[in-house]
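Trainee: Before I ask anything, here is the structure I am working with.
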Amino acid sequence: MDSDYEYFKRKILKKSGVDLNAYKTRQMQRRITTLSEKLGCKSLKEYYRLLERDRKRYEDFLEYITINFSEFFRDPERFKELEEKIFPEILRKTPNPRIWSAGCATGEEAYSLAIILYEKSPQSLNRILATDIDKGALKKARTGLYDENHIRNVGKERLRKYFLKIGENYEICDEIKKRVKFNEIDLLKDDFPQGFFHLIVCRNVIIYLENSAKEMLMDKFGLALRRGGFFFCGGTERLFNLDRMGFKCVGTCLYKKI
Ligand SMILES: C[S@@+](CC[C@H](N)C(=O)[O-])C[C@H]1O[C@@H](n2cnc3c(N)ncnc32)[C@H](O)[C@@H]1O
């Protein structure tokens, strides 16, 4: 194991509370080394010293390692299945479902869920909970302003109804904005309420995690769901050990707690 990287991980854990051990080593180490080399650092020790004295670089680093690309209705086919198959089932049980977008990045996923919920149950009282570890991403999410790359899967009708064109950008309208509540949560460290959610959406997050962190997180999600609740993961993510979590697969990327 590279001792330069070990040193860096230890220092970052102490400084920020982010445990880089939980993320896939090769991928994370490559990203960090590339970034440090771009800044002219000859080692990760030197890079860490730079982060210690330069607040802006430190914030850039945190933003960079969290990889927070997102877009509205990411994987449209999967969202369609969620909308047509899962939402009606949830809404048959309650008009006020508790929905969580975990690892929401800049908010596109949570707003997509809010649009679906608004269309299917406009009187719904609960706000969608949307959480991330990255403060910068949450700030952008609360602003709700997106360029066209992020809205390419939004149909014309929805674009007209729910977005305001501001110059080259699109702002999500207040009717949808007020239906989402953003909070900072570290999925690996913080506790979740138990037996609480009707739907947990955690997409393109576990893909970056080492197996042990992924298993631990999936156990926590399993406990946070109500019986009969659903879990929606990313297009390239698959869950194993379904029995242990008490899940069954009910669609592509869709699982139900039985
Ligand atoms: C690629 S984005 C996924 C965004 C959205 N879910 C989607 O699929 O479009 C991954 C997000 O996971 C967040 N993340 C990574 N580790 C986390 C942790 N330990 N706790 C909370 N969020 C985390 C990152 O900050 C980032 O915003």
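The values are calculated or read from the model by the stated rules, or taken from the named source; none is laboratory data. Given the structure is predicted, the values throughout are model-derived calculations rather than measurements. A quick note on method: Cβ atoms are made from the backbone with ideal geometry, for glycine too, and the neighbour counts reach across all protein chains shown. SASA here: full protein model, heavy atoms, side chains in, ligands and nucleic acids out. Shrake-Rupley method; radii C 1.70, N 1.55, O 1.52, S 1.80 Å.
Trainee: Loop only per DSSP, at most 12 neighbouring Cβ atoms within 10 Å: give me the chymotrypsin sites (Phe, Trp or Tyr not before Pro) in segment 156-255, ordered by residue number. All intermediate terms of the calculation are to be shown ahead of the outcome.
Mentor: Numbers: sites: TYR162, PHE163, TYR170, PHE182, PHE196, PHE197, TYR208, PHE221, PHE230, PHE231, PHE232, PHE240, PHE247, TYR255; in loops: PHE196, PHE240.
Answer by residue number: PHE240.
Trainee: Would you kindly state how much longer the chain becomes between ASP60 and LEU164 on full extension, computed as 0.36 nm times their sequence separation minus their alpha carbon distance, in nm to one decimal? Before the final figure, lay out the partial values.
Mentor: Values: separation 104, 0.36 × 104 = 37.44 nm, distance 2.91 nm.
Between ASP60 and LEU164, full extension yields 34.5 nm more.
Trainee: Run a plain Debye calculation on the chain (Cα atoms as equal point scatterers, no solvent) and give log10 I(q)/I(0) at q = 0.10, 0.11 Å⁻¹, rounded to two decimals, same order as the q list.
Mentor: With no solvent term, the Cα-only Debye profile gives -0.53, -0.64.
Trainee: Dipole size in debye (nearest 20) for the chain around its Cα centre, Lys and Arg Cβ +1, Asp and Glu Cβ -1? Walk me through the intermediate numbers first.
Mentor: Values: 51 positive and 39 negative charges, 81 e Å.
Result for the chain is approximately 380 debye, rounded to the nearest 20.
Trainee: While we're looking at this one, here's another question. Whose amide H sits under 5 Å from the amide H of GLU210, counting only residues 5 or more places off or on another chain, with H placed in the peptide plane?
Mentor: TYR23, LYS24
Trainee: If the chain between THR94 and ASN211 were fully stretched, how many nm would it gain, using 0.36 nm times the residue separation less the Cα-Cα distance?
Mentor: Working: separation 117, 0.36 × 117 = 42.12 nm, distance 3.46 nm.
Difference between extended and current length: 38.7 nm.
Trainee: Let me ask something else. Between GLU77 and GLU237, what's the calculated FRET efficiency when r is the beta-carbon distance and R0 is 25 Å? Round to 0.05.
Mentor: On the way: r = 15 Å, r/R0 = 0.60.
Between GLU77 and GLU237 the formula returns 0.95.
Trainee: Continuing with the same structure: Counting Lys +1, Arg +1, Asp -1, Glu -1, what net charge surrounds ASN169 among other residues with beta carbon under 10 Å of its beta carbon? Could you put the intermediate results ahead of the total?
Mentor: Working: positive: LYS165; negative: ASP147, GLU148, GLU168, GLU171.
Summing Lys/Arg as +1 and Asp/Glu as -1 gives -3.
Trainee: For segment 147-256, what does the accessible surface come to per residue with a 1.4 Å probe? Please give it in Å². Present the calculation step by step, with values, prior to reporting the outcome.
Mentor: Numbers: 5700 Å² over 110 residues.
Solvent-accessible surface per residue comes out at 52 Å².
Trainee: Evaluate the relative contact order of segment 3-65 (contact order divided by residue number), counting alpha-carbon pairs under 8 angstrom at least 6 apart; express in whole percent. Provide the component values of the computation, followed by the final result.
Mentor: Working: 33 pairs, mean separation 19.1, N = 63.
Relative CO of segment 3-65 lands at 30 percent.
Trainee: Be a star and scan segment 203-246 for residues whose amide nitrogen sits under 13 Å from the point 7 Å along the Cα-to-Cβ vector of LYS85.
Mentor: Residues 231-233 qualify, since their backbone N sits under 13 Å from the label point.
Trainee: For a Förster distance of 45 Å, can you work out the FRET efficiency between the beta-carbons of LYS178 and THR25, rounded to the nearest 0.05? Could the numbers behind the result be given before it?
Mentor: Working: r = 41 Å, r/R0 = 0.92.
The value I calculate is 0.65.
Trainee: Calculate the length of the line joining the C-alpha centroid of segment 50-120 to that of segment 224-258, in whole Å.
Mentor: 17
Trainee: Run through every distinct alpha carbon pair of segment 3-65 and return the Kirkwood hydrodynamic radius in angstroms, one decimal place.
Mentor: Numbers: mean 1/r = 0.0865 Å⁻¹.
By the Kirkwood definition, the hydrodynamic radius is 11.6 Å.
Trainee: Can you work out the Karplus-derived ³J(HN,Hα) for every residue in segment 17-29? Use 6.51 cos²θ - 1.76 cosθ + 1.60 with θ = phi - 60°, whole Hz, and x for glycine or proline.
Mentor: Along segment 17-29, the couplings run x, 7, 8, 5, 4, 6, 9, 4, 4, 4, 5, 5, 4 Hz.
Trainee: Which far-off residues, 5 or more places away or on another chain, put their amide H under 5 Å from the one on PHE197, with H placed in the peptide plane?
Mentor: Residues meeting the criterion, in which the H sits 1.01 Å from N, are LEU225, ARG226.
Trainee: Along Cα→Cβ, 7 Å out, is where each label goes; now give me the distance between the ones at LYS189 and SER43 in nm to one decimal.
Mentor: Output for this residue pair reads 2.7 nm.
Trainee: Right, here's the next one. At a threshold of 8 angstrom on Cα-Cα distance, excluding pairs fewer than six apart, so keeping six or more, what relative contact order does the chain reach in percent?
Mentor: Details: 384 pairs, mean separation 45.3, N = 258.
Dividing the mean separation by the residue count of the chain yields 18 percent.
Trainee: Next question, about the same structure. Explain nothing, just compute: Karplus ³J(HN,Hα) = 6.51 cos²θ - 1.76 cosθ + 1.60, θ = phi - 60°, for every residue of segment 62-77 in order, whole Hz, x for Gly and Pro.
Mentor: 4, 5, 5, 6, 7, 6, 9, 5, 8, 7, 5, 6, 4, 6, x, 4
Trainee: If you take every residue apart from LEU239 with its C-beta less than 13 Å away from the C-beta of LEU239, what net charge results, scoring Lys and Arg +1 and Asp and Glu -1?
Mentor: Every neighbour counted, the sum reads +3.
Trainee: Along the positive direction of the dipole of the chain (beta-carbon charges: Lys, Arg +1; Asp, Glu -1; about the Cα centre), which of TYR118, SER43, THR66 reaches farthest?
Mentor: Going by the Cα projections, it comes out as TYR118.
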